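Below you'll find the structure, written out as structure tokens, and then a few comments.
Bear in mind these aren't lab numbers, they're just calculated from the coordinates by the rules spelled out. Quantities reported herein were computed from a predicted structural model and do not represent experimental measurements. We place every Cβ from the backbone using ideal geometry, glycine too, and count neighbours over all the protein chains shown.
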Ligand SMILES: NC(=O)c1ccc[n+]([C@@H]2O[C@H](COP(=O)([O-])OP(=O)(O)OC[C@H]3O[C@@H](n4cnc5c(N)ncnc54)[C@H](OP(=O)(O)O)[C@@H]3O)[C@@H](O)[C@H]2O)c1
């Protein structure tokens with residue numbers, strides 16, 4: 001194929017490639033790394049030679065992931081057991097990254113979960129846990145994670161939102177509210193840090209096959225409806241994240257929406273089907 005390009009076109013392709021941001025030796029923290037999208041992006045980061053801090057509450061899952069990484073010959077990740085709702089634990093994870101590797105380049109603020117119910121039936125404790133995790137936990141991750149990037153004058157933040165942050169359906173108001181908040185926070189952050197050379201990407205996946213449906217307590221009927229859509233895999237979403245991270249430093253892919261091809265909207269998940 002390249003044989004048919006003239007010299008100028010060939011040179012441009014090579015230069016574009018050379019300008020790509022290499023993830024080799026970059027230091028990244030991934031929240032929600034114990035399963036699903038966070039685990040998948042951590043794996044892709046290992047493969048690209050990044051040094052990764054894995055943050056989540058389930059240490060057994062983090063250990064499994066770390067052991068595999070070492071067995072495959074990648075840099076041993078740093079495991080930090082913690083809850084994004086706990087400021088000391090989030091700040092501690094960032095400090096540990098700085099102590100181990102002297103800097104931080106990438107923050108993947110991905111931890112979160114869904115819970116759906118009609119408003120009048122909502123479990124008030126579950127609402128609080130979800131809003132504390134998806135919104136307050138995100139704020140904490142950004143507060144402590146972004147400071148080192150600003151100090152360095154470069155870095156990249158990826159925030160996991162959802163298509164639920166772009167529309168609402170019955171039973172989904174609380175989860176959607178949390179993801180609309182994620183969008184506001186990501187855009188506010190982008191405007192604050194862009195002049196200082198820090199990029200922010202907000203990614204909104206449609207349905208993804210992860211632990212999400214189990215945590216959200218979806219019925220078999222809803223799961224079957226989602227399966228019929230041929231949902232995304234965690235790797236599909238992680239690949240989109242890597243695409244944004246590898247762009248040249250002057251390119252900020254600020255928003256990405258990734259749907260399974262057959263998914264029209266959130267319709268498969270309504271409260272009537274739970
Ligand atoms: N799956 C989907 O269809 C879908 C679609 C759009 C957006 N999303 C978003 O994608 C993100 C990742 O979810 P997923 O689909 O990959 O589901 P998942 O497999 O259930 O992963 C969720 C991750 O978040 C972590 N987490 C949850 N609460 C936490 C807390 N308080 N502190 C620290 N970590 C916490 C979990 O780890 P521990 O339990 O070990 O702490 C786990 O690693 C979420 O923000 C979710 O809203 C998912």
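Going by neighbour counts of Cβ atoms within 10 Å, the residues 208, 52 line up, fewest first, as 208, 52. Here the peptides 237-250, 254-267 are ranked by packing, the mean other Cβ count within 10 Å, and the order with the highest first is 237-250, 254-267. All Cα-Cα distances of the stretch 166-265, cut into 5 Å bins from zero to the largest, leave 2, 11, 18, 21, 20, 13, 8, 4, 2, 0 percent in each bin in turn. Residues 46, 55, 212, arranged from fewest to most other Cβ atoms within 10 angstrom of their Cβ, appear as 212, 46, 55. Estimated from helices alone, the mean residue ellipticity of the chain at 222 nm is -14000 deg cm²/dmol (sum of -39500 (n - 2.57) over DSSP H runs with n ≥ 4, per residue). Projected onto planes of every orientation and averaged, the convex hull of the alpha-carbon atoms in the chain covers 16.1 nm².
Once C-alpha pairs closer than 8 Å and six or more residues apart are averaged by separation and normalised to the residue number of the chain, the relative contact order reads 20 percent.
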